[in-house]
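The values are calculated or read from the model by the stated rules, or taken from the named source; none is laboratory data. Bear in mind that the values here come from a model prediction, so they are computed numbers and not experimental data. Using ideal geometry, Cβ is built from the backbone for each residue, glycine included, and neighbour counts are taken over all protein chains shown. The accessibility values were calculated without ligands, DNA or RNA, using every heavy atom of the protein model including side chains. Shrake-Rupley method; radii C 1.70, N 1.55, O 1.52, S 1.80 Å.
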Amino acid sequence: MAETPRLPIESGCPDGFRNMHPMMRKNYGNWAYHEDPQPGVLKHVAHGGDTIYTVKAATQRILDVFTLRTLCDIGDEYADGHVHFTLRSNLEFFVTEEERVQPLIDALVSNGFVVGGTKNSVTSISHTQGWLHCDIPGTDASGVVKAMMDELIDEFKNWNMPNRVHITTSCCQINCGGQGDIAINVQHTKPPKINHDLVANVCERPSVVARCPVAAIRPAVVNGKPSLEVDEKKCICCGACYPPCPPMQINDAEHSKLAIWVGGNHSNARGKPSFQKLVAAGIPNNPPRWPEATAIVKKILKTYKEDAKDWERINDWIERIGWTRFFDLTGLPFTKFHIDNWRGARNSLNASTHIRF
Ligand code: SF4
Ligand code: SF4
């Protein structure tokens with residue numbers, strides 16, 4: 001009898017075990033070690049001796065049905081019929097015999113996919129939704145990813161870097177996804193422009209006032225209609241008022257820029273988290289290829305590749321050489337915008353992973 005389809009669940013993620021490769025399910029939590037036989041391939045060996053090979057291919061994340069079907073057909077024909085999307089939009093295929101690895105890679109490559117993204121490579125850029133899903137983006141994160149990864153394809157395919165490099169982009173300044181070794185984030189530089197005719201009909205004014213992190217929004221009556229006003233001296237151009245009140249438009253073709261931050265890293269068993277720092281601001285948000293932002297990312301990667309020691313992540317490298325030398329080596333200008341002199345920062349910025357209430 002056909003399996004009953006899963007009912008939609010509105011919260012939480014689906015059960016990952018249901019579609020997991022049987023050998024992975026069998027050995028869950030029981031792997032002894034893993035090796036990296038070649039770029040884009042992982043070999044996992046379980047305590048009981050079971051072995052599984054993972055082949056990783058890049059996708060552009062937002063996929064058309066034809067491409068998805070092609071990938072699934074490759075998975076059915078050359079792998080064991082199971083695939084797994086990673087956080088960075090790579091697609092992983094699984095085989096249990098070594099001799100099936102190369103035919104799988106050949107099938108992927110001959111269909112135009114790129115295999116790599118493991119160990120000390122630059123893996124795919126993780127990115128947020130952009131125009132397709134979200135209502136507040138100031139740029140299209142997926143477009144930035146495609147344009148940049150086209151230029152970093154050799155770094156994806158090969159083990160060129162001192163350690164792995166995780167790059168992220170996010171498409172608004174609220175940043176639901178902009179933390180990594182290198183992060184490309186939107187930077188608004190002008191306060192929102194208010195369409196007073198629409199505010200009364202569209203916006204819940206108390207929630208918009210409460211939304212502003214620096215209390216720059218006040219209720220106001222404009223042309224006899226209830227509206228809002230912004231104290232532009234206080235406004236830090238974060239864009240937080242735009243989602244609950246679209247008539248407070250902050251996106252602007254000229255004044256919404258990109259900024260690049262480096263050195264973010266999660267904590268792990270051996271080290272504390274490190275927080276990213278701004279290294280380039282005011283970069284043109286320049287679709288469709290974002291050449292200015294891409295050139296800066298390439299410059300940082302080139303310097304990291306030449307100067308870092310083996311196994312140093314970008315944050316380790318900068319910590320060792322110091323920020324002054326980082327700016328010297330990369331040739332990026334150090335400006336007044338790099339100095340965080342906001343007095344409230346000490347009280348509001350989390351400097352550890354402890355949860356605060
Ligand atoms: S980064 Fe901002 S605009 Fe992009 S998906 Fe997240 S919340 Fe939406
Ligand atoms: S952009 Fe940010 S700081 Fe400025 S008014 Fe809106 S919420 Fe407040």
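Can we say Ser256 is at pLDDT below 95 and over 30 Å from Val208 (Cβ atoms)?
Details: at pLDDT below 95: yes; over 30 Å from Val208 (Cβ atoms): no.
Criteria not met by Ser256.
Scanning the range 261-280 for residues that are open to solvent by less than 40 Å² (accessible area, probe 1.4 Å) and among the hydrophobic types (A, V, I, L, M, F, W, C) gives Val262, Leu278, Val279, Ala280.
Take the conditions within 26 Å of the chain's Cα centre (by Cα), touching a residue at least 60 places away in the same chain (Cβ under 8 Å), more than 16 Å from ligand 1 (Cβ to nearest atom) and closer than 25 Å to Ile167 by Cβ and apply them to Pro288. Does it pass? In short, yes.
Going by the structure shown, is Asp135 open to solvent by 10 Å² or more (accessible area, probe 1.4 Å) and more than 20 Å from Val114 (Cα to Cα)? I'd like the intermediate steps shown before the answer.
Values: open to solvent by 10 Å² or more (accessible area, probe 1.4 Å): yes; more than 20 Å from Val114 (Cα to Cα): yes.
When the stated conditions are applied, Asp135 passes them.
All conditions in (1) within 24 Å of His266 (Cα to Cα); (2) within 16 Å of ligand 1 (Cβ to nearest atom) hold for Val165, with the sole exception of (2). In contact (Cβ under 8 Å) with a residue 24 or more places away in the chain and either on the phi > 0 side of the Ramachandran plot or open to solvent by 40 Å² or more (accessible area, probe 1.4 Å) (or both): does that describe Gly40? Yes; evaluated as a whole, the condition is true for this residue.
Going by the structure shown, is Arg88 more than 29 Å from Gly143 (Cα to Cα) and open to solvent by 10 Å² or more (accessible area, probe 1.4 Å)? Considered against the rule, which asks whether it is more than 29 Å from Gly143 (Cα to Cα) and open to solvent by 10 Å² or more (accessible area, probe 1.4 Å), Arg88 comes out as no. Residues in the range 43-76 that are touching a Leu at 6+ places or on another chain (Cβ under 7 Å), open to solvent by less than 40 Å² (accessible area, probe 1.4 Å) and aliphatic (A, V, I, L, M): 4 in all. Here the range 116-129 is the region considered, the condition is being crowded, with 22+ Cβ neighbours inside 10 Å and not polar (S, T, N, Q), and the residue that is farthest from ligand 2 (Cβ to nearest atom) is Gly116.
I need the full set of residues from the range 216-254 which are of a type in the set (Asp, Glu) and within 14 Å of Leu198 (Cα to Cα), in order please. Answer for the range 216-254, where residues must be of a type in the set (Asp, Glu) and within 14 Å of Leu198 (Cα to Cα): just Glu229.
Considering only the range 285-313, state which residues are of a type in the set (A, V, I, L, M, F, W, C) and within 30 Å of Asn251 (Cβ to Cβ). Spell out the reasoning first.
Residues of the range 285-313 that are of a type in the set (A, V, I, L, M, F, W, C), as a first pass: 290, 293, 295-297, 300-301, 308, 311.
Within the range 285-313, Trp290, Ala293, Ala295, Ile296, Val297, Ile300, Leu301 qualify.
With the structure loaded, tell me whether Ile236 is open to solvent by 30 Å² or more (accessible area, probe 1.4 Å), of a type in the set (Val, Ile, Thr) and farther than 17 Å from Asp135 by Cα or whether it fails that test. Yes.
Only residues that are part of a strand (DSSP E or B) and either hydrophobic (A, V, I, L, M, F, W, C) or over 16 Å from Phe156 (Cα atoms) (or both): list them for the range 84-111, please. Let's see the steps before the verdict.
Within the range 84-111, the subset part of a strand (DSSP E or B) is 84-85, 90-95.
Once the filter is applied, which keeps residues that are part of a strand (DSSP E or B) and either hydrophobic (A, V, I, L, M, F, W, C) or over 16 Å from Phe156 (Cα atoms) (or both), the range 84-111 yields His84, Phe85, Leu91, Phe93, Phe94, Val95.
Tell me, yes or no, whether the range 261-274 has at least one residue that is more than 16 Å from ligand 2 (Cβ to nearest atom), touching a His at 6+ places or on another chain (Cβ under 8 Å) and not aliphatic (A, V, I, L, M).
Residues of the range 261-274 more than 16 Å from ligand 2 (Cβ to nearest atom): 261-274.
Then keep just the ones that are touching a His at 6+ places or on another chain (Cβ under 8 Å); that gives 273.
Right, trim to not aliphatic (A, V, I, L, M) and you get 273.
Checking the range 261-274: at least one residue is more than 16 Å from ligand 2 (Cβ to nearest atom), touching a His at 6+ places or on another chain (Cβ under 8 Å) and not aliphatic (A, V, I, L, M).
Residues in the range 182-220 that are within 16 Å of ligand 1 (Cβ to nearest atom) and surrounded by fewer than 19 Cβ atoms within 10 Å (Cβ to Cβ): 2 in all.
For the range 312-339, enumerate the residues that are within 18 Å of Ser274 (Cα to Cα) and either in a loop (DSSP other than H, G, I, E, B) or among the small types (Gly, Ala, Ser) (or both). Selection gives Glu312, Arg313, Gly322, Ile339.
The single residue among Lys257, Lys309 that is in a strand (DSSP E or B) and either within 16 Å of ligand 2 (Cβ to nearest atom) or open to solvent by 30 Å² or more (accessible area, probe 1.4 Å) (or both) turns out to be Lys257.
Which of the residues that make up the range 266-291 are closer than 11 Å to Ala183 by Cα and in contact with a helix residue (DSSP H, G or I) (Cβ under 6 Å, 6 or more places away or on another chain)? Scanning the range 266-291 gives Leu278, Ala280.
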